[in-house]
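Engineer: Below: one structure in structure tokens.
The values are calculated or read from the model by the stated rules, or taken from the named source; none is laboratory data. These numbers come from a predicted model, not from an experiment. Cβ placement follows ideal geometry from the backbone for every residue including glycine, while neighbour counts extend to all protein chains displayed. The accessibility values were calculated without ligands, DNA or RNA, using every heavy atom of the protein model including side chains. Shrake-Rupley method; radii C 1.70, N 1.55, O 1.52, S 1.80 Å.
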Amino acid sequence: MTGERIEIARPDDWHLHLRDGAMLHTIVGFSAAVFGRAIVMPNLVPPVRVPEEAEAYRARIRAALPDGHPFEPLMTAYMTDSADPADIRAGFENGIFHAVKLYPAGATTNSEMGVTRMAAIRPVLAEMEKIGMPLLVHGEVADPEVDVFDREAVYIERVLEPMRRGFPGLRVVLEHVTTVDAVEYVRAAESGLAATITPHHLMINRNAIFRGGLRPHMYCLPVAKRERHRLALRAVAVSGDSRFFLGTDSAPHPRRDKEADCGCAGIFNAPNALQCVAQVFDEERALDRLEGFVSRAGAEFYGMAPNSDRIVLEKGVGSEAPRERVGVADHAIRVFDPGTPISWRIASGLR
Ligand code: DOR
Ligand code: ZN
């Protein structure tokens, strides 16, 4: 009951899954209430590949919100082996595409149409390098021979570093970093490389997936790693290094698809993402750097001004327990529960 408060510019979410159809309608309001803008992932079925598909998807997102709601979905293109540099360029120049997302084929949910050979996408990468368009990378090898917990580190060595040497001017975001290897790789880069970090990878390590039994709602990709990796993520998130910023990777799946024989990867944190990050920064005695991580660094990378309106977070007073689920029946979705207290709540600025 300290009543501690912090006021910051409205945050943005630089990595978000909004889905489509009924699921979109169920969840979009949680992100739109808090975040000014979000980089929207294109891994629908079928994926968002060309500007017309992104425009139509953006319209469906807007239609799922009340008329005139100011939330701004920033669309991305899904990279395939046959992506056309002219389409990607046109989408970027028209302001519909803000980035291209690279999923290695087979690495994660709806990545089947992703990239199978890096050589195939060289013309697109060359074009993106020329026009300054960011490439957002799911940095895991899909090679089944590689241990699941090593896939990020191996990707950096086998794929990311050679790609960046081939396209030194390409602007790259290594998405949802989970390892000390990724943190060190980004920190060592001279330019053109940034990383997003999720709330859940700041709060849980891989033990959470096996606590007392198998916990499908703690399973996402890249999977949570050992404690030393989590500590490295926390240290860099609160360090004030503006190459690291918030991307929630909120990725809802209906409970029945997670609590299944072959459960889907993805953690739905939109209802408490900002509160979780505030909790982490508070625990690290770094609340003065929260605004940089959630509201400024990402905007700076994407060449946008921070949001001009503000949001107030408050500690202690009537703090919310994490919401257990949203939606009903077939659409019930579990909300991320870190298993430790979240003592922050949003006191004003929700919309
Ligand atoms: O856990 C994940 N879920 N990781 C991804 O890369 C994709 C996401 C999803 O779309 O469900
Ligand atoms: Zn994602």
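Engineer: Please verify whether Gly263 is assigned to a loop (DSSP other than H, G, I, E, B), within 22 Å of the chain's Cα centre (by Cα) and on the phi > 0 side of the Ramachandran plot, treating the condition exactly as stated.
Structural biologist: Against the criterion (assigned to a loop (DSSP other than H, G, I, E, B), within 22 Å of the chain's Cα centre (by Cα) and on the phi > 0 side of the Ramachandran plot), Gly263 does not qualify.
Engineer: Take the stretch 91-104 and flag every residue that is part of a loop (DSSP other than H, G, I, E, B) and either more than 13 Å from ligand 1 (Cβ to nearest atom) or modelled with pLDDT under 95 (or both).
Structural biologist: Asn94, Gly95, Ile96
Engineer: Also: Given the conditions (1) farther than 22 Å from Arg37 by Cβ; (2) over 15 Å from the mean Cα position of the chain (by Cα), which single one is not true for Leu233?
Structural biologist: (2)
Engineer: Looking only at residues that are among the charged types (D, E, K, R) and closer than 24 Å to Ala286 by Cβ in the stretch 182-235, which one is nearest to ligand 1 (Cβ to nearest atom)?
Structural biologist: Once the filter is applied, the top-ranked residue is Lys225.
Engineer: Now for a separate question. Within the set of pairs 6+ apart or on separate chains, which have a first residue in the stretch 25-52 that is more than 19 Å from His15 (Cβ to Cβ), a second that is part of a loop (DSSP other than H, G, I, E, B) and open to solvent by less than 40 Å² (accessible area, probe 1.4 Å), and C-beta atoms under 6 Å apart?
Structural biologist: Between residues of the stretch 25-52 that are more than 19 Å from His15 (Cβ to Cβ) and residues that are part of a loop (DSSP other than H, G, I, E, B) and open to solvent by less than 40 Å² (accessible area, probe 1.4 Å), the close pairs are His25/Ala64; Thr26/Gly327; Pro51/Ile96.
Engineer: If I filter the stretch 137-171 down to residues being of a type in the set (Val, Ile, Thr), away from ligand 2 (no atom under 16 Å from the Cβ) and not in a loop (DSSP other than H, G, I, E, B), which single residue comes out as most open to solvent (accessible area, probe 1.4 Å)?
Structural biologist: In this case the residue turns out to be Val148.
Engineer: Given the conditions (1) in a helix (DSSP H, G or I); (2) open to solvent by 10 Å² or more (accessible area, probe 1.4 Å), and given that Ile88 satisfies all but one, which numbered condition is not satisfied?
Structural biologist: (2)
Engineer: Could you list, in sequence order, the residues of the stretch 177-224 that are surrounded by fewer than 18 Cβ atoms within 10 Å (Cβ to Cβ), outside any helix (DSSP H, G or I) and of a type in the set (A, V, I, L, M)?
Structural biologist: Ala189, Leu214, Val223
Engineer: Right, something else. Would you pick out the residues in the stretch 11-42 that are open to solvent by 10 Å² or more (accessible area, probe 1.4 Å) and part of a loop (DSSP other than H, G, I, E, B)?
Structural biologist: His17, Arg19, Asp20
Engineer: Can you find a residue in the stretch 230-253 that is outside any loop (DSSP other than H, G, I, E, B), basic (Lys, Arg), open to solvent by 10 Å² or more (accessible area, probe 1.4 Å) and over 25 Å from Gly192 (Cα atoms)?
Structural biologist: no
Engineer: Which condition does Ala286 not pass, out of (1) within 16 Å of ligand 1 (Cβ to nearest atom); (2) open to solvent by less than 50 Å² (accessible area, probe 1.4 Å); (3) out of contact with any strand residue (DSSP E or B) (no Cβ under 9 Å at 6 or more places or on another chain), if it passes all the others?
Structural biologist: Here Ala286 clears every test but (1).
Engineer: Determine whether the stretch 246-257 contains at least one residue that is of a type in the set (A, V, I, L, M, F, W, C) and more than 16 Å from ligand 2 (Cβ to nearest atom).
Structural biologist: No - not one qualifying residue is present in the stretch 246-257.
Engineer: If you don't mind, another one. Go through the stretch 92-112 and give me each residue that's farther than 14 Å from Ala265 by Cα and either of a type in the set (A, V, I, L, M, F, W, C) or open to solvent by less than 30 Å² (accessible area, probe 1.4 Å) (or both).
Structural biologist: At the first step, the residues of the stretch 92-112 found to be farther than 14 Å from Ala265 by Cα are 92-105, 112.
Phe92, Ile96, Phe97, Ala99, Val100, Lys101, Leu102, Tyr103, Pro104, Ala105 - these are the residues of the stretch 92-112 that are farther than 14 Å from Ala265 by Cα and either of a type in the set (A, V, I, L, M, F, W, C) or open to solvent by less than 30 Å² (accessible area, probe 1.4 Å) (or both).
Engineer: Taking the criterion of being assigned to a strand (DSSP E or B) and either in contact with a Phe, Trp or Tyr (Cβ under 6 Å, 6 or more places away or on another chain) or open to solvent by 40 Å² or more (accessible area, probe 1.4 Å) (or both), would at least one residue in the stretch 53-71 satisfy it?
Structural biologist: No.
Engineer: Now a separate question. Among the residues of the stretch 242-249, are any among the acidic types (Asp, Glu), under 24 Å from Met128 (Cβ atoms), touching a Gly at 6+ places or on another chain (Cβ under 9 Å) and within 16 Å of ligand 1 (Cβ to nearest atom)?
Structural biologist: Yes, there is a match, as at least one residue in the stretch 242-249 is among the acidic types (Asp, Glu), under 24 Å from Met128 (Cβ atoms), touching a Gly at 6+ places or on another chain (Cβ under 9 Å) and within 16 Å of ligand 1 (Cβ to nearest atom).
Engineer: I'd like the full set of residues that are more than 16 Å from ligand 1 (Cβ to nearest atom) and more than 15 Å from the chain's Cα centre (by Cα), limited to the stretch 161-180.
Structural biologist: Across the stretch 161-180, the qualifying residues are Glu161, Pro162, Met163, Arg164, Arg165, Gly166, Phe167, Pro168, Gly169, Leu170, Arg171, Val180.
Engineer: Then there's this: Output the number of the condition that Lys225 fails; it satisfies all remaining conditions of (1) in contact with a Ser or Thr (Cβ under 8 Å, 6 or more places away or on another chain); (2) farther than 24 Å from Arg334 by Cβ; (3) more than 16 Å from ligand 2 (Cβ to nearest atom).
Structural biologist: (2)
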